[in-house]
Amino acid sequence: MSGSIEDHIHRVIADPYLHIVLYQPEIPSNTGNIARLCGAAQLRLHLVHPLGFQTDDKHLKRAGLDYWSEVDIRQHQDFQAFLEHMEEGRSLIALSRHADLTYTQASVNHGDYLLFGRETRGLPRDIRGRYPCHAIPMWGGVRSLNLSTAVGIVSYHYLHEMGRF
């Protein structure tokens, strides 16, 4: 294995139940955990650049990310390029701690896109304002959940609602 994740052949899922979209992720281990989840649940992963880490083999292996070939992964130069790539007729649902509605109130269908923001800053306000936005409720004093935890919570909830398991 040499090069970067862009150079590897990835598993392609013809009709994924969900698309997980990471907007400018910053922490390779979070992205790696989410990639593993996507591979296990057969979800398509979209990475919106710029990324906060390098994707060459040396850095991926150091972070323990040696299973990229099991993930249906798409990379996009920026958010506009991602939007141009979205399948027509599918919804984009943003997840943010700044939302008033909870994720259980969202109407999510087979093939929809779940958008998650950066670990340190979340999604920009303009993106949150353009798309339906939902939050994971938190009752304690922490300011946010780990990104990979948040992706796991909502994606498996929606998969369950769609009858995937």
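Kindly indicate whether Asp126 is farther than 24 Å from Arg36 by Cα, among the acidic types (Asp, Glu) and either at pLDDT 95 or above or in contact with a Cys (Cβ under 7 Å, 6 or more places away or on another chain) (or both). Yes; evaluated as a whole, the condition is true for this residue. I want to confirm something. Restricting to segment 109-161 and keeping residues that are in contact (Cβ under 8 Å) with a residue 40 or more places away in the chain and among the small types (Gly, Ala, Ser), which single residue is farthest from Ile93 (Cα to Cα)? My answer is Ser144. Residues of segment 17-28 being more than 13 Å from Val151 (Cα to Cα) and touching a residue at least 40 places away in the same chain (Cβ under 8 Å), which ones? Answer for segment 17-28, where residues must be more than 13 Å from Val151 (Cα to Cα) and touching a residue at least 40 places away in the same chain (Cβ under 8 Å): Tyr17, Gln24, Glu26, Ile27.
A single member of His134, His110 is over 24 Å from Glu26 (Cβ atoms) and of a type outside the set (Lys, Arg), and it is His110.
In segment 1-22, the residue that is modelled with the lowest pLDDT out of those that are in contact with a helix residue (DSSP H, G or I) (Cβ under 8 Å, 6 or more places away or on another chain) and surrounded by fewer than 17 Cβ atoms within 10 Å (Cβ to Cβ) is Met1. Summed over segment 148-165, the residues that are within 11 Å of Ala41 (Cβ to Cβ), touching a Phe, Trp or Tyr at 6+ places or on another chain (Cβ under 7 Å) and at pLDDT 95 or above give a count of 2. Applying the condition of being in a loop (DSSP other than H, G, I, E, B) and among the hydrophobic types (A, V, I, L, M, F, W, C) to segment 144-165 and asking which residue is surrounded by the fewest Cβ atoms within 10 Å (Cβ to Cβ) yields Phe165. Checking each residue in segment 123-143 for being out of contact with any helix residue (DSSP H, G or I) (no Cβ under 6 Å at 6 or more places or on another chain) and surrounded by 10 or more Cβ atoms within 10 Å (Cβ to Cβ) picks out Leu123, Pro124, Arg125, Ile127, Arg128, Gly129, Arg130, Tyr131, Pro132, Cys133, Ala135, Met138. When residues in segment 56-103 are screened for being assigned to a helix (DSSP H, G or I), modelled with pLDDT of 75 or more and farther than 20 Å from Thr120 by Cα, 10 of them pass.
The values are calculated or read from the model by the stated rules, or taken from the named source; none is laboratory data. These numbers were taken from a predicted model, which means no experiment stands behind them. Using ideal geometry, Cβ is built from the backbone for each residue, glycine included, and neighbour counts are taken over all protein chains shown.
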